[in-house]
Structure formats: C-alpha cells, structure tokens
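Peer 1: I have a structure I would like to understand better, so I am pasting it below and will then ask my questions one at a time.
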Amino acid sequence: MNLTTIWLIVFVACIAIEIITMGLTTIWFAGGSLAAAIVSAIGAPLWLQLVLFFGVSLLLLYLTRPVAVKYFNKDRVKTNAESLVGQQAIVISEIDNLQGIGQVTVNGQEWSARNVRGDERLSVGSVVFIRAISGVKLMVEEKKTDV
C-alpha cells in the first residue's frame, strides 16, 4: 500500500468521523490529509507530506473554527442564568466581598451576589447591573445615577 492510499484512507476516516459526530473535530485533519495525498501522488518526500498535513490542518483550524463555532452556536438558546447577564437587579442584602455576603433579587428570584469591584460595598436598595455569572453567584456592578 503506497502513501497516497494511506492519506486517502485518513481523509475518508476523518470525513466519516465528522459525519458521525457532527462536532467539528476532524474536518481540519481531513483537509490536511487531502493536501498530503495530493503531494504524495506527485512524488513528494514523506517529511514534506507530514509538514503539509500538519500545516494545512492547523491553518484550516485557525481560519475556520471561529466562523464555524459562531455559525453552529447561533441558534443556541441561553440558559435561564445566562439570560440574566446585562439585566438590572436590586440589592436585598448588603454585598461585601471581603465578608463573602450579599444577595440581589432579579425577576423575582434571589441570588447570591458579589461586586465586580472587589473593594466596594453595595448597600440594600442599590440598583446593580449583572455583569457575569461565577458558579452560582451573580457578579454585579452598581448602576451609576446621572446627576
């Protein structure tokens, strides 16, 4: 069995795995193996085939993965917690990162919260923006009022 045949088998195997998993795991290696098969067919040495296989695979990964991930994740529905980021909440128990205390209410639910600005305490009744979620705690920042 010659090297061109081996590269074509790798190509077909990568495509088959990609079809089965639909996880964008091997498609880049399929491109690399196809490039290696082409140069193998014209008689290139093994070291050049390997360099081309890895080079094309990594280049395809670098250039297409961000676009592919964005395309495949566009219909992804945010979880309930993820949808809270960017919303406003009201502090119902003083937030003090040093003591590890604080709670807010948002959409009628109580959440443990911490201030993204670690050294500032947030008093009861403060209106805050939810900036992120860390574990089961909302990371909040005080809404500055315009004067």
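The values are calculated or read from the model by the stated rules, or taken from the named source; none is laboratory data. Just so it is clear, the structure is predicted and the values come from calculations on it, not from any experiment. So basically every Cβ, Gly included, is an ideal-geometry build from the backbone, and we count neighbours across all protein chains shown. Side chains included, ligands, DNA and RNA excluded: accessible areas come from the protein's heavy atoms. Shrake-Rupley method; radii C 1.70, N 1.55, O 1.52, S 1.80 Å.
Peer 1: Mind listing whichever residues of the range 34-45 are in a helix (DSSP H, G or I) and out of contact with any Leu (no Cβ under 7 Å at 6 or more places or on another chain)? Let's see the steps before the verdict.
Peer 2: We begin by selecting, within the range 34-45, every residue in a helix (DSSP H, G or I); these are 34-41.
Result: 34, 38, 41.
Peer 1: Return the pair list, or none, for Cβ contacts closer than 9 Å from residues in the range 121-138 that are over 20 Å from residue 99 (Cβ atoms) to residues that are part of a strand (DSSP E or B) and open to solvent by 60 Å² or more (accessible area, probe 1.4 Å), at least 6 apart or on different chains.
Peer 2: Qualifying pairs under 9 Å: 127/88; 127/90; 127/142; 129/88; 129/142; 130/88.
Peer 1: What pairs can you find where one residue is in the range 82-106 and more than 13 Å from residue 126 (Cα to Cα), the other is open to solvent by 40 Å² or more (accessible area, probe 1.4 Å) and in a helix (DSSP H, G or I), and their Cβ atoms are less than 6 Å apart, with a gap of 6+ or different chains?
Peer 2: If the second residue must be open to solvent by 40 Å² or more (accessible area, probe 1.4 Å) and in a helix (DSSP H, G or I), no pairs are left.
Peer 1: Restricting attention to the range 124-132, does a residue exist that is surrounded by fewer than 12 Cβ atoms within 10 Å (Cβ to Cβ) and either modelled with pLDDT of 85 or more or not aromatic (Phe, Trp, Tyr) (or both)?
Peer 2: yes
Peer 1: Here is a further query. Working carefully through the options 62, 71, find the one that is more than 30 Å from residue 130 (Cα to Cα), among the hydroxyl-bearing types (Ser, Thr, Tyr) and within 23 Å of the chain's Cα centre (by Cα).
Peer 2: Values: 71 fails: more than 30 Å from residue 130 (Cα to Cα).
Of the residues listed, the single one that is more than 30 Å from residue 130 (Cα to Cα), among the hydroxyl-bearing types (Ser, Thr, Tyr) and within 23 Å of the chain's Cα centre (by Cα) is 62.
Peer 1: Here's a follow-up. If you scan the range 1-33, which residues turn out to be touching a residue at least 12 places away in the same chain (Cβ under 8 Å), in a loop (DSSP other than H, G, I, E, B) and more than 27 Å from the chain's Cα centre (by Cα)?
Peer 2: Matches in the range 1-33: 2 only.
Peer 1: Give all pairs with beta carbons closer than 7 Å in which a residue from the range 39-68 that is touching a residue at least 40 places away in the same chain (Cβ under 8 Å) meets a residue that is open to solvent by 60 Å² or more (accessible area, probe 1.4 Å) and outside any loop (DSSP other than H, G, I, E, B); count only pairs at least 6 apart in sequence or on separate chains.
Peer 2: 46/3; 49/3
Peer 1: Please work out if residue 57 is at pLDDT 90 or above, crowded, with 17+ Cβ neighbours inside 10 Å, touching a Gly at 6+ places or on another chain (Cβ under 9 Å) and under 26 Å from residue 2 (Cα atoms).
Peer 2: Taking the combined requirement at face value, the residue satisfies it.
Peer 1: Please state which of the following conditions residue 86 fails to meet, knowing it meets all the rest: (1) surrounded by fewer than 12 Cβ atoms within 10 Å (Cβ to Cβ); (2) at pLDDT 90 or above; (3) within 26 Å of residue 139 (Cα to Cα).
Peer 2: For residue 86, the failing item is (2).
Peer 1: Looking only at the range 24-47, which residues are closer than 22 Å to residue 63 by Cα and either open to solvent by 40 Å² or more (accessible area, probe 1.4 Å) or in contact with a Cys (Cβ under 9 Å, 6 or more places away or on another chain) (or both)?
Peer 2: Hits for the range 24-47 are 25, 26, 27, 28, 29, 30, 31, 32, 33, 34, 38.
Peer 1: Can you tell me which residue among 79, 64 is of a type outside the set (Lys, Arg), modelled with pLDDT under 85 and surrounded by 13 or more Cβ atoms within 10 Å (Cβ to Cβ)?
Peer 2: 64
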